[in-house]
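Peer 1: Sharing a structure below in structure tokens format, with a few things to ask.
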Amino acid sequence: MELYKLSALDTIEKLKSKEISPLDCIDSLIDRIQKIDNNINALPTLCIERAKDHAKKIMEKEINQRGILYGLPITIKDLIDVSGVRCTSGSPIFKNRIAEKSDLLVEKIESEGGIIYAMSNTPEFGAGANTFNEVFGKTLNPWDTSKSVAGSSGGAAAALVTGMAWLAHGSDFGGSLRNPASFCSVVGLRPSPGRVASTASGIIDQTLGVNGPMARNILDLALFFDAMIGENYKDPVSLPKPKETFLSHAKEKRKPLKVAISKDLGLPPVDRIIREKITSIGVDLEKNGIIVEEAHPDLSKAPLINQTLRAYSFYVNLKSQYINNRGSLKPEVIWNIEKGRSLSIDDLQKAQNGRVELYNNMQNFFDDYDLLLCPTTIVPPFPVDERYLKNCDGIEFSNYVEWLNIVSAITLTSSPALSLPCGFTDKGLPIGLQIVARYRNEGNLLSGAAFIEENINFQNPIPIVQFCWAIKHPGSSVPENPSP
């Protein structure tokens, strides 16, 4: 079997036994990228020589000194810095920028034996849940290349599903990691704020934007999460690493006793196909002996709070670019900065107080439930040429973030959440299930998600196999069990 078809955990076992080397892994990925990426544009910046140099240094170490990733190659989203590598943030302002120093997170991943070999595509400054920019162009959805991969971690998700990555770094403010996982049929985790340390910038104690892992399955995801977490004095909100690994939690696959399920979190609209899928998941969970109740906390104030705090963050982080390079910014970024500029101190006070209320509503909700389940995205993948989703179920959206309420509401509560593939539409487009847990309770989240992944038959084909078939048979419907 080609290496790229293996799970991350299985590949690492081969690295540990020295059956393969980190250089073998890099060569396998290079071959895969050369065959695939011209079809989807997920990894526009490669740093292969840097990766090989790092691999050789890792290979000089004893096996037990190579970190928990043992030399496994990793992609990094083009929003954080990797030293010596072109890092653009998807913006023409930085199209030729070479980073001088790596972000804290990159240093942490490399200290655990991860090898950075590529930067994944992202919209400009991560703004907009559709991955396109003026530097590298669009990333296309592997399941249907006329469709979007969402965003802003779209390149990461597309690389995973096509076998160009075993593990991928993503980031999430208003669903930027969960949305692409849903649209591409991979797994993405937005952890509790502080779990993953990163270089401080902008708002030093911000808890809205976080970094997190993406993978093809829950166990691989948990492994990568373990490699990312830990306290760092340079990040004032970072948390110590727990004694028990998150991979061990995921391997337990504990069955939740009681879960809440919601078709829209009280924040409509949601497409009928998605609502029906969520309802069917509730039925399947009950068949597995889990108590399922339709319920959700009161998150009704979340949309307004999100737009206020998001705009403030954009103004703080991008004001200088607005002043000096306004003509190079896309309209959605300009809109968000200008919205931030117009805020009053009373607007911020109201938003901050409202967020406390949302946080308390969510954490109190978990006094009665182990997990909360709802859609990740309100629609299946939409056409890639649409800058953002304009309407759903008869409701028109007035801006580019309104269609993201079902994920941005969870962001405001600080609860960890992940997107798990849960099947396809009759047109072969992926659907994601969002699973949410209490603040800092990633152990229960990963364990419960692993149980659901293993015991609920979502009839997900192996993504890489399905994509290979689609490339060989363009324009044809993919059979239920395609052969590679």
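The values are calculated or read from the model by the stated rules, or taken from the named source; none is laboratory data. All of these numbers come straight from a predicted model, not from anything done at the bench. Note that we place each Cβ from the backbone using ideal geometry, even for glycine, and neighbour counts take in every protein chain shown. Note: accessible area is taken over every heavy atom of the protein model, side chains too, but ligands, DNA and RNA are not part of it. Shrake-Rupley method; radii C 1.70, N 1.55, O 1.52, S 1.80 Å.
Peer 1: If Leu285 passes every condition in (1) open to solvent by 70 Å² or more (accessible area, probe 1.4 Å); (2) closer than 30 Å to Lys427 by Cα but one, which one does it miss?
Peer 2: (1)
Peer 1: If you don't mind, another one. Please find, among Ser280, Ser262, the residue that is small (Gly, Ala, Ser) and buried (at least 19 other Cβ atoms within 10 Å of the Cβ). Step through it out loud before you land on a result.
Peer 2: Details: Ser280 fails: buried (at least 19 other Cβ atoms within 10 Å of the Cβ).
Step by step, each of Ser280, Ser262 is checked, and only Ser262 is small (Gly, Ala, Ser) and buried (at least 19 other Cβ atoms within 10 Å of the Cβ).
Peer 1: Still on this structure, please answer the following. Kindly list the number of the only condition in (1) of a type in the set (D, E, K, R); (2) assigned to a helix (DSSP H, G or I); (3) modelled with pLDDT of 95 or more that fails for Lys35.
Peer 2: (3)
Peer 1: Filter the strands (runs of 3 or more DSSP E) completely within region 351-468 down to those with at least 2 residues that are small (Gly, Ala, Ser) and over 22 Å from Val196 (Cβ atoms). Step through it out loud before you land on a result.
Peer 2: Details: elements: 371-375, 417-424, 430-436.
Passing ranges: none, list empty.
Peer 1: Between Ser192, Ser182, Ser176, Ser171, which is in a helix (DSSP H, G or I) and either touching a Ser or Thr at 6+ places or on another chain (Cβ under 7 Å) or surrounded by fewer than 24 Cβ atoms within 10 Å (Cβ to Cβ) (or both)? Can you show your working first?
Peer 2: Working: Ser192 fails: in a helix (DSSP H, G or I); Ser176 fails: in a helix (DSSP H, G or I); Ser171 fails: in a helix (DSSP H, G or I).
Step by step, each of Ser192, Ser182, Ser176, Ser171 is checked, and only Ser182 is in a helix (DSSP H, G or I) and either touching a Ser or Thr at 6+ places or on another chain (Cβ under 7 Å) or surrounded by fewer than 24 Cβ atoms within 10 Å (Cβ to Cβ) (or both).
Peer 1: When you scan region 470-478, do you find a residue that is part of a helix (DSSP H, G or I), farther than 22 Å from Ile36 by Cα and either at pLDDT 95 or above or of a type outside the set (Phe, Trp, Tyr) (or both), even just one?
Peer 2: Scanning region 470-478 turns up no residue that is part of a helix (DSSP H, G or I), farther than 22 Å from Ile36 by Cα and either at pLDDT 95 or above or of a type outside the set (Phe, Trp, Tyr) (or both).
Conditions tested, residue by residue: (1) surrounded by fewer than 20 Cβ atoms within 10 Å (Cβ to Cβ); (2) in contact (Cβ under 8 Å) with a residue 12 or more places away in the chain.
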site	(1), (2)
Asp24	yes, yes
Asn38	yes, no
Ile58	no, yes
Ser91	no, yes
Ile109	no, yes
Ile115	no, yes
Asn121	no, yes
Gly126	no, yes
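Peer 1: Looking at Leu371 and the list (1) under 25 Å from the mean Cα position of the chain (by Cα); (2) under 29 Å from Gly90 (Cβ atoms); (3) open to solvent by less than 20 Å² (accessible area, probe 1.4 Å), which single condition is not satisfied?
Peer 2: (2)
Peer 1: Cβ contacts < 7 Å: first residue without any contact (Cβ under 8 Å) to a residue 24 or more places away in the chain, restricted to region 278-298; second residue part of a strand (DSSP E or B) and surrounded by 13 or more Cβ atoms within 10 Å (Cβ to Cβ), any location; separation 6+ or different chain. Result?
Peer 2: Filtered contacts from region 278-298: Glu286/Val292.
Peer 1: Then there is this: Can you run down the residue pairs with Cβ atoms below 8 Å, 6 or more apart or on separate chains, where the first is in region 343-359 and aromatic (Phe, Trp, Tyr) and the partner is assigned to a helix (DSSP H, G or I)?
Peer 2: Tyr359/Leu412; Tyr359/Thr413
Peer 1: So if I check each of Ser398, Ser408, which one is out of contact with any strand residue (DSSP E or B) (no Cβ under 7 Å at 6 or more places or on another chain), hydroxyl-bearing (Ser, Thr, Tyr) and open to solvent by 10 Å² or more (accessible area, probe 1.4 Å)? Can you show your working first?
Peer 2: Values: Ser408 fails: open to solvent by 10 Å² or more (accessible area, probe 1.4 Å).
It is Ser398.
Peer 1: Output yes when any residue across region 71-83 is assigned to a helix (DSSP H, G or I) and either at pLDDT 95 or above or of a type in the set (D, E, K, R) (or both), and no when none is. Before the answer, list the steps.
Peer 2: Step one: list which residues in region 71-83 are assigned to a helix (DSSP H, G or I), which gives none.
No.
Peer 1: State all residues of region 352-368 that are open to solvent by less than 30 Å² (accessible area, probe 1.4 Å), over 16 Å from Gly174 (Cα atoms) and not small (Gly, Ala, Ser); if no residue qualifies, say none.
Peer 2: Met362, Gln363, Phe365, Phe366
Peer 1: Please give the number of the condition Ser419 fails out of (1) out of contact with any helix residue (DSSP H, G or I) (no Cβ under 9 Å at 6 or more places or on another chain); (2) closer than 21 Å to Ala8 by Cα.
Peer 2: With (1) out of contact with any helix residue (DSSP H, G or I) (no Cβ under 9 Å at 6 or more places or on another chain); (2) closer than 21 Å to Ala8 by Cα applied to Ser419, the lone miss is (1).
Peer 1: Condition first: under 30 Å from Leu104 (Cα atoms), surrounded by fewer than 20 Cβ atoms within 10 Å (Cβ to Cβ) and touching a residue at least 24 places away in the same chain (Cβ under 8 Å). Now tell me which residues in region 239-259 satisfy that. Steps first, please.
Peer 2: Pass one, region 239-259, residues under 30 Å from Leu104 (Cα atoms): 239-251.
Okay, now just the ones that are also surrounded by fewer than 20 Cβ atoms within 10 Å (Cβ to Cβ), so 239-245, 248, 251.
Matches in region 239-259: Leu239, Pro242, Glu244, Lys251.
Peer 1: So, one more: Quick check, is Lys18 on the phi > 0 side of the Ramachandran plot, among the charged types (D, E, K, R) and touching a helix residue (DSSP H, G or I) at 6+ places or on another chain (Cβ under 9 Å)?
Peer 2: Values: on the phi > 0 side of the Ramachandran plot: yes; among the charged types (D, E, K, R): yes; touching a helix residue (DSSP H, G or I) at 6+ places or on another chain (Cβ under 9 Å): yes.
Yes, satisfied.
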